[in-house]
Amino acid sequence: MAKQNASVSPALRRTTGEKVYNVVNIVVLTLFALICTYPFYYLIINSLSDNNLSAAGEVTWWFKGFHLQNYKDVLALSGLGRAAWISLARTVIGTVLTVLASAYLGFMFTQKKMWGRSFWYRFVVVTMYFNAGLIPMFITMKNLGLTNNFWVYILPAVVQPFNIILVKTYIESIPSSLQEAAEMDGAGTLTIFGKIVLPMCTPILATVAIFSAVGQWNSFQDTLIYMTDDKLYSLQYLLYTYINQASALANAAKANAANVAALASAATPTSIRMTVSVIVVLPIMFVYPFFQRFFVKGMMLGAVKG
(Lines give C-alpha, C1' and ligand atoms only; values in the text may rest on other atoms or scores of the structure.)
Protein backbone atom coordinates (compact mmCIF):
# COMPACT_ATOMS: atom_id res chain seq x y z
CA MET A 1 0.00 0.00 0.00
CA ALA A 2 2.86 2.34 0.85
CA LYS A 3 4.51 1.61 -2.47
CA GLN A 4 1.26 2.46 -4.30
CA ASN A 5 1.02 5.82 -2.49
CA ALA A 6 4.68 6.55 -3.29
CA SER A 7 4.08 5.89 -6.98
CA VAL A 8 1.25 8.43 -7.18
CA SER A 9 2.44 11.69 -8.75
CA PRO A 10 2.42 14.87 -6.61
CA ALA A 11 -0.19 16.39 -8.95
CA LEU A 12 -2.67 13.61 -8.07
CA ARG A 13 -2.01 13.94 -4.32
CA ARG A 14 -3.10 17.58 -4.25
CA THR A 15 -6.22 18.45 -2.31
CA THR A 16 -9.28 20.04 -3.89
CA GLY A 17 -8.38 23.39 -2.32
CA GLU A 18 -4.87 23.29 -3.81
CA LYS A 19 -6.25 22.51 -7.25
CA VAL A 20 -8.75 25.36 -7.04
CA TYR A 21 -6.00 27.72 -5.86
CA ASN A 22 -3.74 26.74 -8.77
CA VAL A 23 -6.52 27.31 -11.30
CA VAL A 24 -7.42 30.70 -9.81
CA ASN A 25 -3.73 31.63 -9.63
CA ILE A 26 -3.15 30.77 -13.30
CA VAL A 27 -6.27 32.66 -14.41
CA VAL A 28 -5.40 35.78 -12.39
CA LEU A 29 -1.77 35.86 -13.54
CA THR A 30 -2.81 35.28 -17.16
CA LEU A 31 -5.26 38.18 -16.99
CA PHE A 32 -2.61 40.36 -15.36
CA ALA A 33 -0.13 39.47 -18.13
CA LEU A 34 -2.72 40.33 -20.78
CA ILE A 35 -3.48 43.65 -19.09
CA CYS A 36 0.24 44.49 -19.05
CA THR A 37 0.84 43.57 -22.71
CA TYR A 38 -2.36 44.94 -24.22
CA PRO A 39 -1.29 48.64 -24.33
CA PHE A 40 1.74 47.79 -26.46
CA TYR A 41 -0.34 45.46 -28.62
CA TYR A 42 -2.84 48.29 -29.03
CA LEU A 43 -0.08 50.60 -30.26
CA ILE A 44 1.09 48.03 -32.82
CA ILE A 45 -2.32 47.23 -34.32
CA ASN A 46 -3.23 50.92 -34.56
CA SER A 47 0.08 51.84 -36.19
CA LEU A 48 -0.52 49.15 -38.85
CA SER A 49 -4.23 49.82 -39.45
CA ASP A 50 -6.27 52.26 -41.53
CA ASN A 51 -5.34 55.63 -40.07
CA ASN A 52 -8.83 57.09 -40.29
CA LEU A 53 -10.30 54.10 -38.41
CA SER A 54 -7.50 54.31 -35.88
CA ALA A 55 -8.11 58.03 -35.29
CA ALA A 56 -11.82 57.28 -34.82
CA GLY A 57 -11.00 54.70 -32.14
CA GLU A 58 -12.41 51.76 -34.12
CA VAL A 59 -9.28 49.58 -33.92
CA THR A 60 -9.25 47.77 -30.59
CA TRP A 61 -8.56 44.05 -31.01
CA TRP A 62 -7.31 43.38 -34.54
CA PHE A 63 -5.91 45.12 -37.62
CA LYS A 64 -8.29 46.97 -39.91
CA GLY A 65 -6.90 47.99 -43.29
CA PHE A 66 -3.39 46.63 -42.74
CA HIS A 67 -0.54 48.74 -44.21
CA LEU A 68 3.07 49.71 -43.48
CA GLN A 69 2.94 53.27 -44.77
CA ASN A 70 3.20 54.80 -41.27
CA TYR A 71 6.56 53.14 -40.70
CA LYS A 72 7.78 54.15 -44.15
CA ASP A 73 6.85 57.77 -43.42
CA VAL A 74 8.48 57.86 -39.98
CA LEU A 75 11.64 56.04 -41.06
CA ALA A 76 12.02 58.51 -43.92
CA LEU A 77 12.17 61.49 -41.55
CA SER A 78 15.30 63.61 -41.82
CA GLY A 79 18.13 62.80 -39.39
CA LEU A 80 16.53 59.63 -38.06
CA GLY A 81 19.47 57.36 -38.92
CA ARG A 82 22.04 59.64 -37.26
CA ALA A 83 19.86 60.01 -34.16
CA ALA A 84 19.42 56.22 -33.94
CA TRP A 85 23.20 55.80 -34.10
CA ILE A 86 23.66 58.34 -31.27
CA SER A 87 21.11 56.53 -29.10
CA LEU A 88 22.67 53.15 -29.83
CA ALA A 89 26.18 54.42 -29.06
CA ARG A 90 25.18 56.07 -25.79
CA THR A 91 23.27 52.97 -24.73
CA VAL A 92 26.14 50.56 -25.41
CA ILE A 93 28.99 52.73 -24.09
CA GLY A 94 27.00 54.05 -21.14
CA THR A 95 25.84 50.57 -20.12
CA VAL A 96 29.34 49.07 -20.28
CA LEU A 97 30.91 51.89 -18.22
CA THR A 98 28.08 51.90 -15.69
CA VAL A 99 28.31 48.13 -15.19
CA LEU A 100 32.10 48.28 -14.72
CA ALA A 101 31.91 51.22 -12.30
CA SER A 102 29.08 49.64 -10.31
CA ALA A 103 30.93 46.31 -10.12
CA TYR A 104 34.24 47.81 -9.01
CA LEU A 105 32.81 50.28 -6.48
CA GLY A 106 30.41 47.66 -5.13
CA PHE A 107 33.36 45.31 -4.69
CA MET A 108 35.60 47.92 -3.04
CA PHE A 109 32.88 48.90 -0.56
CA THR A 110 32.97 45.31 0.73
CA GLN A 111 36.72 45.45 1.40
CA LYS A 112 37.47 46.21 5.04
CA LYS A 113 41.00 47.32 4.15
CA MET A 114 39.68 50.18 1.97
CA TRP A 115 40.55 53.53 3.56
CA GLY A 116 37.46 55.42 4.74
CA ARG A 117 35.16 52.72 3.38
CA SER A 118 32.11 53.63 5.46
CA PHE A 119 32.51 57.36 4.80
CA TRP A 120 32.82 56.98 1.02
CA TYR A 121 29.94 54.53 0.87
CA ARG A 122 27.66 56.91 2.74
CA PHE A 123 28.93 59.79 0.60
CA VAL A 124 27.80 57.94 -2.54
CA VAL A 125 24.47 56.83 -1.06
CA VAL A 126 23.49 60.31 0.12
CA THR A 127 23.50 61.53 -3.49
CA MET A 128 20.38 59.42 -4.02
CA TYR A 129 18.45 61.83 -1.81
CA PHE A 130 20.07 65.21 -2.47
CA ASN A 131 21.20 66.98 -5.62
CA ALA A 132 22.11 70.52 -6.58
CA GLY A 133 19.28 70.99 -9.06
CA LEU A 134 18.95 71.61 -12.77
CA ILE A 135 20.64 75.02 -13.08
CA PRO A 136 23.80 74.16 -11.05
CA MET A 137 24.01 70.91 -13.00
CA PHE A 138 23.84 72.76 -16.31
CA ILE A 139 26.48 75.28 -15.18
CA THR A 140 28.75 72.43 -14.09
CA MET A 141 28.39 70.62 -17.42
CA LYS A 142 29.03 73.86 -19.29
CA ASN A 143 32.17 74.65 -17.28
CA LEU A 144 33.42 71.12 -17.94
CA GLY A 145 32.91 71.63 -21.68
CA LEU A 146 30.30 68.89 -21.91
CA THR A 147 27.48 70.90 -23.48
CA ASN A 148 27.09 69.95 -27.16
CA ASN A 149 29.38 67.04 -26.37
CA PHE A 150 28.50 63.36 -26.79
CA TRP A 151 30.11 62.49 -23.42
CA VAL A 152 27.46 64.44 -21.51
CA TYR A 153 25.24 61.42 -22.21
CA ILE A 154 27.74 59.04 -20.63
CA LEU A 155 29.80 60.53 -17.79
CA PRO A 156 27.05 61.86 -15.45
CA ALA A 157 25.36 58.44 -15.47
CA VAL A 158 28.41 56.23 -14.86
CA VAL A 159 28.20 56.19 -11.03
CA GLN A 160 24.69 55.17 -9.97
CA PRO A 161 24.27 54.72 -6.18
CA PHE A 162 21.34 52.32 -6.48
CA ASN A 163 23.30 50.01 -8.79
CA ILE A 164 26.31 50.13 -6.46
CA ILE A 165 24.10 49.12 -3.52
CA LEU A 166 22.74 46.18 -5.51
CA VAL A 167 26.21 44.95 -6.43
CA LYS A 168 27.61 45.48 -2.93
CA THR A 169 24.74 43.52 -1.37
CA TYR A 170 25.21 40.72 -3.88
CA ILE A 171 28.95 40.46 -3.33
CA GLU A 172 28.39 40.27 0.43
CA SER A 173 26.40 37.07 -0.20
CA ILE A 174 29.44 35.42 -1.80
CA PRO A 175 31.45 33.30 0.71
CA SER A 176 34.38 35.34 2.00
CA SER A 177 36.49 32.16 2.12
CA LEU A 178 36.97 32.41 -1.66
CA GLN A 179 38.68 35.78 -1.36
CA GLU A 180 40.68 34.68 1.67
CA ALA A 181 41.96 31.63 -0.21
CA ALA A 182 42.98 33.80 -3.15
CA GLU A 183 44.80 36.22 -0.84
CA MET A 184 46.70 33.34 0.73
CA ASP A 185 47.82 32.34 -2.79
CA GLY A 186 49.19 35.86 -3.32
CA ALA A 187 46.36 37.34 -5.41
CA GLY A 188 46.03 41.13 -5.29
CA THR A 189 42.86 43.21 -5.12
CA LEU A 190 42.47 43.60 -8.90
CA THR A 191 43.17 39.90 -9.48
CA ILE A 192 40.52 38.91 -6.94
CA PHE A 193 38.06 41.35 -8.51
CA GLY A 194 38.71 40.31 -12.11
CA LYS A 195 39.14 36.54 -11.74
CA ILE A 196 36.99 35.61 -8.75
CA VAL A 197 34.35 38.19 -7.91
CA LEU A 198 33.44 39.50 -11.36
CA PRO A 199 32.65 36.08 -12.93
CA MET A 200 30.39 35.25 -9.97
CA CYS A 201 28.44 38.52 -10.30
CA THR A 202 26.89 37.79 -13.71
CA PRO A 203 23.25 37.82 -12.47
CA ILE A 204 23.45 41.15 -10.64
CA LEU A 205 25.55 42.75 -13.39
CA ALA A 206 22.93 41.70 -15.93
CA THR A 207 20.34 43.41 -13.74
CA VAL A 208 22.42 46.59 -13.62
CA ALA A 209 22.93 46.37 -17.40
CA ILE A 210 19.17 46.26 -17.97
CA PHE A 211 18.55 49.25 -15.70
CA SER A 212 21.31 51.24 -17.38
CA ALA A 213 20.40 50.30 -20.96
CA VAL A 214 16.72 51.15 -20.49
CA GLY A 215 17.59 54.45 -18.84
CA GLN A 216 20.06 55.42 -21.58
CA TRP A 217 17.76 54.38 -24.43
CA ASN A 218 14.70 56.19 -23.09
CA SER A 219 16.43 59.37 -21.99
CA PHE A 220 15.72 62.55 -23.91
CA GLN A 221 15.82 65.29 -21.27
CA ASP A 222 19.61 65.51 -21.34
CA THR A 223 19.41 66.25 -25.07
CA LEU A 224 16.82 68.93 -24.37
CA ILE A 225 19.00 70.56 -21.69
CA TYR A 226 22.55 70.21 -22.99
CA MET A 227 22.30 70.00 -26.79
CA THR A 228 21.74 72.62 -29.46
CA ASP A 229 23.67 70.79 -32.19
CA ASP A 230 21.14 68.67 -34.10
CA LYS A 231 23.92 66.24 -35.09
CA LEU A 232 23.99 65.05 -31.47
CA TYR A 233 20.23 64.66 -31.02
CA SER A 234 19.21 61.28 -29.65
CA LEU A 235 16.52 59.18 -31.30
CA GLN A 236 14.10 59.68 -28.43
CA TYR A 237 14.46 63.47 -28.51
CA LEU A 238 14.06 63.58 -32.29
CA LEU A 239 10.92 61.44 -32.17
CA TYR A 240 9.66 63.51 -29.24
CA THR A 241 9.85 66.62 -31.41
CA TYR A 242 8.07 64.77 -34.22
CA ILE A 243 5.27 63.75 -31.84
CA ASN A 244 4.84 67.41 -30.89
CA GLN A 245 4.68 68.24 -34.60
CA ALA A 246 2.35 65.33 -35.38
CA SER A 247 -0.47 67.47 -36.77
CA ALA A 248 1.82 69.31 -39.18
CA LEU A 249 3.40 66.06 -40.36
CA ALA A 250 -0.02 64.46 -40.82
CA ASN A 251 -1.23 67.39 -42.95
CA ALA A 252 1.90 67.17 -45.08
CA ALA A 253 1.39 63.44 -45.60
CA LYS A 254 -2.24 63.95 -46.61
CA ALA A 255 -1.26 66.72 -49.01
CA ASN A 256 1.11 64.26 -50.73
CA ALA A 257 -1.57 61.56 -51.05
CA ALA A 258 -2.39 61.25 -54.75
CA ASN A 259 -5.88 59.68 -54.53
CA VAL A 260 -8.68 58.71 -52.20
CA ALA A 261 -7.25 55.21 -51.62
CA ALA A 262 -3.97 56.71 -50.48
CA LEU A 263 -5.77 58.83 -47.88
CA ALA A 264 -6.59 55.69 -45.89
CA SER A 265 -2.90 55.21 -45.23
CA ALA A 266 -2.02 58.93 -45.02
CA ALA A 267 -0.64 59.80 -41.61
CA THR A 268 -2.80 61.29 -38.86
CA PRO A 269 -1.59 62.73 -35.54
CA THR A 270 -2.78 59.55 -33.81
CA SER A 271 -0.99 57.23 -36.24
CA ILE A 272 2.26 59.21 -35.98
CA ARG A 273 2.21 59.12 -32.16
CA MET A 274 1.55 55.40 -32.08
CA THR A 275 4.11 54.56 -34.74
CA VAL A 276 6.78 56.64 -33.02
CA SER A 277 5.97 54.99 -29.68
CA VAL A 278 6.42 51.52 -31.19
CA ILE A 279 9.73 52.46 -32.81
CA VAL A 280 11.05 53.83 -29.50
CA VAL A 281 9.94 50.90 -27.34
CA LEU A 282 10.49 47.92 -29.67
CA PRO A 283 14.34 47.82 -29.73
CA ILE A 284 14.78 47.83 -25.96
CA MET A 285 12.15 45.08 -25.59
CA PHE A 286 14.49 42.68 -27.38
CA VAL A 287 16.99 43.08 -24.53
CA TYR A 288 14.75 41.51 -21.90
CA PRO A 289 14.49 37.93 -23.26
CA PHE A 290 18.28 37.60 -23.17
CA PHE A 291 18.69 38.99 -19.64
CA GLN A 292 15.46 37.85 -17.97
CA ARG A 293 16.83 34.78 -16.17
CA PHE A 294 19.82 36.78 -14.88
CA PHE A 295 17.56 39.68 -13.92
CA VAL A 296 15.27 37.62 -11.68
CA LYS A 297 18.15 35.74 -10.05
CA GLY A 298 20.17 38.91 -9.51
CA MET A 299 17.31 40.80 -7.88
CA MET A 300 16.44 37.90 -5.57
CA LEU A 301 19.99 37.16 -4.45
CA GLY A 302 20.86 40.84 -4.18
CA ALA A 303 17.99 41.24 -1.72
CA VAL A 304 19.18 38.55 0.68
CA LYS A 305 21.25 41.02 2.72
CA GLY A 306 20.53 44.67 3.16
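Here are the numbers for the structure shown:
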| quantity | calculated |
| --- | --- |
| Accessible-area order (highest first, 1.4 angstrom probe) of the listed residues Thr169, Thr270 | Thr270, Thr169 |
| Calculated from backbone phi, Karplus (6.51, -1.76, 1.60) coupling profile of region 134-139 in Hz, x at Gly/Pro | 5, 5, x, 5, 5, 4 |
| Cβ crowding within 10 Å averaged over residues, with 195-202, 105-112, 280-287 ranked highest first | 105-112, 195-202, 280-287 |
| Exposure of Glu58 as accessible area (Å², to 10), given a probe of 1.4 Å and all protein chains | 90 Å² |
| Highest-first arrangement of 231-242, 28-39, where packing means the average Cβ count within 10 Å | 231-242, 28-39 |
| Sequence ranges 212-219, 187-194, ranked by mean other-Cβ count within 10 angstrom, highest first | 212-219, 187-194 |
| Kirkwood Rh, Cα atoms: Rg over Rh of region 1-159 | 1.20 |
| Rg followed by Dmax, in Å, when region 119-162 is reduced to its Cα trace | 11.9, 35 |
| Calculated on alpha-carbon atoms, Rg and Dmax of region 17-74 in Å | 16.8, 56 |
| Hz values of 3J(HN,Hα) by residue in region 52-57 - Karplus curve (6.51, -1.76, 1.60), Gly and Pro given as x | 5, 5, 5, 5, 7, x |
| Cα gyration tensor of region 158-218 - equivalent ellipsoid semi-axes, whole Å, descending | 27, 11, 9 |
| Phi to ³J(HN,Hα) by Karplus 6.51 cos²θ - 1.76 cosθ + 1.60 over region 33-44, Hz, x for Gly, Pro | 5, 5, 5, 6, 8, 4, x, 5, 4, 4, 4, 5 |
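The values are calculated or read from the model by the stated rules, or taken from the named source; none is laboratory data. Note that the structure is predicted; figures quoted are calculated from it, not measured. Please note: Cβ atoms are built from the backbone with ideal geometry, for glycine as well, and neighbour counts cover all protein chains shown. Side chains are part of the model used for accessible areas, which takes the heavy atoms of the whole protein and leaves out ligands, DNA and RNA. Shrake-Rupley method; radii C 1.70, N 1.55, O 1.52, S 1.80 Å.
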